[in-house]
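Data first, discussion second: the structure below is written as structure tokens.
The values are calculated or read from the model by the stated rules, or taken from the named source; none is laboratory data. This one's a predicted model, so the numbers in the text were calculated from it and none came from an experiment. Don't worry about glycine lacking a Cβ; one is built from the backbone with ideal geometry, like all the others, and counts go over all protein chains shown. When the accessible area is computed, the model is the full protein with side chains, heavy atoms only, and any ligands, DNA or RNA have been set aside. Shrake-Rupley method; radii C 1.70, N 1.55, O 1.52, S 1.80 Å.
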Amino acid sequence: MKRVYVVSPDRTPLMPCSSVIARLLLKEGKAKVVRRIPFTIKLYAQPECTYTQPLTLGVDTGSAVIGSAVASEQGSILYLSEVEVRNDIATTMKARATHRRDRRNRKTRYRPARWLNRRNSIKIGRFSPTMRSKIDAHLREIRFAQSLLPITSMVLETGTFDPHALKNPEVLRKKWLYQKGMNYEYANTKAYVLTRDGYTCQHCRGKSKDQRLEVHHIIFRSQHGSDEESNLLTLCKTCHEALHAGMMTLKRTGKKKGNLLHATQMNSIRMQLLKRVEAEETWGFVTKEHRLLAGLPKEHVFDAAMIATRGKKPVFQIQTVLVKKCIPDGEYQQTKGKRSEQRITTGKIQGFRKFDKVRYQGQEYFIKGRMSTGYAILMMIDGKKVDLKPIPKFEKMKRVSARSSWMTCQKILPSSQGNRI
């Protein structure tokens, strides 16, 4: 059954109704459409009695994808959403800094350097732009769900990660390694590797008679090799130079740098969300067991559904999932050309902006790029360009929704849930 979200004249969320009731209310002039995705109507008159049920919002927090769901006490799922948060902010800001530095060198090369004159750079308790974006994305999704349904409680699935244990699982079996790591009693990792290998070249075993020993990265640092002892090897200087000259090879398996970025971010996101919203806390291993018992596949929305129902088998009252992708508020690049002589239009061109949702030839797309001559490049929500011929014109498009903080569309709930709807 398709559900339609309902709000009162003062925007207070009410319980959703069926599509039949919503159609009658619109036909009789008692309500109007205020949102297309998800479809939401607003009543013109305050209802005499506002019957609501206790609803729980379950949020599967994440540093890449957020899953959220709203369920009743009986386990009926009334809302499903999946939000892709931004992970390109640091890369984009580095590119912007490069362009600014280049422009400053060309146009104001004699200006003295300025240091520590940015208030945000020296602020205490400051979060990076990436972390602020991810925390705000969680809070924005929570506020959005609260604007659609009369939510009475909230459950957050959070994760507390131990980066030291992720890097070296041995510490979980030997607690003393927290105080005495693998390099304990050694000056540094290099001294540990030399001692581990018995101060002997691991290739020639001393046959070269070269007493000068060096520590070699099995996977080169230029190829993102790790600085851990598992990627280091003792070689004599003769073998080391021959290896880098391509005269010999090693039959050894190294290790690339591990990435604990997302685990570190989740530790901070967890703390900030629990400070800013009143919510219960649950953990991933609990959600996984409940999901396996319910026979649901591994998806963020299904994890969120199990969180919202607190372990009950969910009954899906909706057939679609709201898919959102966070996008920047504006454009970093303002000009182009060797000397930045050509200004790039960041406002509207014939009434259209980048990331606007448009309808073209009966399909809905998002604007990826625009041309001042009246043409546009279209894409799907995942950012993949749609190859359309001839190139779409603005005059043949109709704007469905204006650009906002995220791109939004709907997808059908996976077919494996057909017998549960």
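Data for the structure
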read-out: Pairs with Cβ under 7 Å, 6+ apart, first in segment 1-16 and closer than 24 Å to Val321 by Cβ, second assigned to a loop (DSSP other than H, G, I, E, B) and of a type in the set (Ser, Thr, Tyr); value: Leu14/Ser8; Leu14/Thr50; Leu14/Thr52; Met15/Tyr51; Met15/Thr52
read-out: Top-ranked residue in segment 322-357 [being basic (Lys, Arg) and in a loop (DSSP other than H, G, I, E, B); ranked as surrounded by the fewest Cβ atoms within 10 Å (Cβ to Cβ)]; value: Lys338
read-out: Pairs with Cβ under 6 Å, 6+ apart, first in segment 251-277 and under 18 Å from Ser128 (Cβ atoms), second among the small types (Gly, Ala, Ser) and at pLDDT 85 or above; value: His262/Ser63; Gln265/Ser63; Met266/Ser63
read-out: Candidates Ala308, Ala263, filtered to the one that is within 23 Å of the chain's Cα centre (by Cα) and more than 23 Å from Asn87 (Cβ to Cβ); value: Ala308
read-out: Matching residues, segment 278-291, being open to solvent by less than 20 Å² (accessible area, probe 1.4 Å) and touching a residue at least 60 places away in the same chain (Cβ under 8 Å); value: Thr287
read-out: The one condition in (1) among the β-branched types (Val, Ile, Thr); (2) open to solvent by 40 Å² or more (accessible area, probe 1.4 Å); (3) out of contact with any Ser or Thr (no Cβ under 7 Å at 6 or more places or on another chain) that Thr238 fails to fulfil; value: (3)
read-out: The one condition in (1) small (Gly, Ala, Ser); (2) closer than 24 Å to Ala137 by Cβ; (3) in contact with a strand residue (DSSP E or B) (Cβ under 9 Å, 6 or more places away or on another chain) that Ser208 fails to fulfil; value: (2)
read-out: Selection within segment 202-216 - within 11 Å of Thr234 (Cα to Cα) and either of a type in the set (Lys, Arg) or outside any loop (DSSP other than H, G, I, E, B) (or both); value: Arg205, Arg212, Leu213, Glu214, Val215, His216
read-out: Scope segment 375-404; condition surrounded by 15 or more Cβ atoms within 10 Å (Cβ to Cβ), part of a loop (DSSP other than H, G, I, E, B) and not hydrophobic (A, V, I, L, M, F, W, C); matching residues; value: Pro392, Arg403
read-out: Subset tally (residues that are part of a strand (DSSP E or B), out of contact with any helix residue (DSSP H, G or I) (no Cβ under 6 Å at 6 or more places or on another chain) and not aliphatic (A, V, I, L, M)) for segment 1-26; value: 4
read-out: Top-ranked residue of segment 315-334 - restricted to ones that are in contact with a strand residue (DSSP E or B) (Cβ under 7 Å, 6 or more places away or on another chain) and of a type in the set (D, E, K, R), ranked as farthest from Glu73 (Cα to Cα); value: Lys325
read-out: Failed condition for Asn231, given (1) surrounded by 11 or more Cβ atoms within 10 Å (Cβ to Cβ); (2) more than 41 Å from the chain's Cα centre (by Cα); value: (2)
read-out: Test: residue in segment 164-174 that is closer than 30 Å to Arg310 by Cα and either open to solvent by less than 80 Å² (accessible area, probe 1.4 Å) or at pLDDT 70 or above (or both); value: yes
read-out: Subset of segment 4-23 (residues that are surrounded by fewer than 13 Cβ atoms within 10 Å (Cβ to Cβ) and aliphatic (A, V, I, L, M)); value: Val20
read-out: Verdict on Thr408 being hydroxyl-bearing (Ser, Thr, Tyr) and farther than 28 Å from Ala137 by Cβ; value: no
read-out: Residue in segment 407-417 that is surrounded by 15 or more Cβ atoms within 10 Å (Cβ to Cβ) and in contact with a helix residue (DSSP H, G or I) (Cβ under 6 Å, 6 or more places away or on another chain) present; value: no
read-out: Tally, over segment 358-369, of residues that are open to solvent by less than 60 Å² (accessible area, probe 1.4 Å) and not hydroxyl-bearing (Ser, Thr, Tyr); value: 6
read-out: Leading residue by the ranking (farthest from the chain's Cα centre (by Cα)) among those in segment 358-374 that are part of a loop (DSSP other than H, G, I, E, B) and among the polar types (S, T, N, Q); value: Thr373
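For (1) farther than 23 Å from Pro328 by Cα; (2) of a type in the set (Phe, Trp, Tyr); (3) out of contact with any Cys (no Cβ under 8 Å at 6 or more places or on another chain), each residue gets a yes or a no:
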| site | (1), (2), (3) |
| --- | --- |
| Gly351 | no, no, yes |
| Lys354 | no, no, yes |
| Met371 | no, no, yes |
| Gly374 | yes, no, yes |
| Leu378 | no, no, yes |
| Ile381 | no, no, no |
| Lys385 | no, no, yes |
| Leu388 | yes, no, yes |
| Arg399 | no, no, yes |
